[in-house]
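Since the structure comes first, as structure tokens, the remarks are kept for the end.
The values are calculated or read from the model by the stated rules, or taken from the named source; none is laboratory data. Note that the structure is predicted; figures quoted are calculated from it, not measured. Heads up, the Cβs are rebuilt from the backbone with ideal geometry, glycines too, and the neighbour counts pull from every protein chain shown. Keep in mind that these areas ignore ligands, DNA and RNA; they rest on the heavy atoms of the full protein, side chains included. Shrake-Rupley method; radii C 1.70, N 1.55, O 1.52, S 1.80 Å.
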Amino acid sequence: MSMKEAFETFFEEMTQNYLKERGVPPQAPCNEERRPTGLFLLETLNDKGYAQWKPKLQEKAVSFENVEKELGFSIHPQIKDFLSTYWFLPLDGIIQTSSGEAELRLSGLTQYSDLDKRIKSSFSNEETHYLHDHKYFLIGTFCSIGGNDSYVVQVNNDTGEVTAVDVMDKRSVKLADSIEELLVNMKGIWKINS
């Protein structure tokens, strides 16, 4: 399965959950003037400040050559594909793990994001992982397992494995063998306050 197909599987799941629970496609707080994303359908903006949004397929090829030179290592192909397939808002989902159900949020990526800056800061995260045997890419800043919401979501740059990491308690929980597997198995949730 390609990253594009994995994203599309997740987006379809997310959309169906919104339609079933709220009667509308995915919505999020919208402030396009202050923080542009280019993903909102502005004609759907409601009086509570929420609007529908749609992911957009990226149209231009992304070069990772310069940022890889700055980092001094190659970026895993899964991470490159994740960052160069779709533009999207933060993605909320639930996935089953060996430790129980995990609720997580993957960081969004819009056409206005500084991709090189995002990549460098997502790899410069020694304080967000207790293991220093590999390079880890921060893909999500929130994950809750068994009521413990101190996890972050990271991708091992050597293997592509996705884990939830609790830095304080020095614990890791495997979420998926790859980002594609994570997206396909992640069930879209719909935590909105409208």
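Structure data summary
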read-out: Of residues in segment 20-29 being free of Cβ contacts under 8 Å to residues at least 60 places away in the same chain and open to solvent by 70 Å² or more (accessible area, probe 1.4 Å), the one farthest from the chain's Cα centre (by Cα); value: 20
read-out: Tally, over segment 31-67, of residues that are under 19 Å from residue 14 (Cα atoms) and open to solvent by 60 Å² or more (accessible area, probe 1.4 Å); value: 3
read-out: Hits in segment 81-94 (condition: farther than 24 Å from residue 16 by Cβ and either touching a Lys or Arg at 6+ places or on another chain (Cβ under 7 Å) or outside any helix (DSSP H, G or I) (or both)); value: 84
read-out: Filtered residues of segment 1-19 (kept if open to solvent by less than 60 Å² (accessible area, probe 1.4 Å) and not hydroxyl-bearing (Ser, Thr, Tyr)); value: 3, 6, 7, 10, 11, 13, 14, 17
read-out: Residues (part of a strand (DSSP E or B), surrounded by fewer than 16 Cβ atoms within 10 Å (Cβ to Cβ) and modelled with pLDDT of 90 or more) located in segment 96-147; value: 96, 101, 141
read-out: Total residues in segment 24-80, condition in a helix (DSSP H, G or I) and either closer than 29 Å to residue 124 by Cα or of a type in the set (Asp, Glu) (or both); value: 12
read-out: For residue 158: the one exception among (1) surrounded by 14 or more Cβ atoms within 10 Å (Cβ to Cβ); (2) in contact with a His (Cβ under 8 Å, 6 or more places away or on another chain); (3) of a type outside the set (Phe, Trp, Tyr); (4) touching a residue at least 60 places away in the same chain (Cβ under 8 Å); value: (1)
read-out: Residues being touching a strand residue (DSSP E or B) at 6+ places or on another chain (Cβ under 8 Å), of a type in the set (Gly, Ala, Ser) and within 19 Å of residue 119 (Cβ to Cβ) - total across segment 139-180; value: 2
read-out: Total residues in segment 162-187, condition under 15 Å from residue 79 (Cα atoms) and surrounded by fewer than 21 Cβ atoms within 10 Å (Cβ to Cβ); value: 3
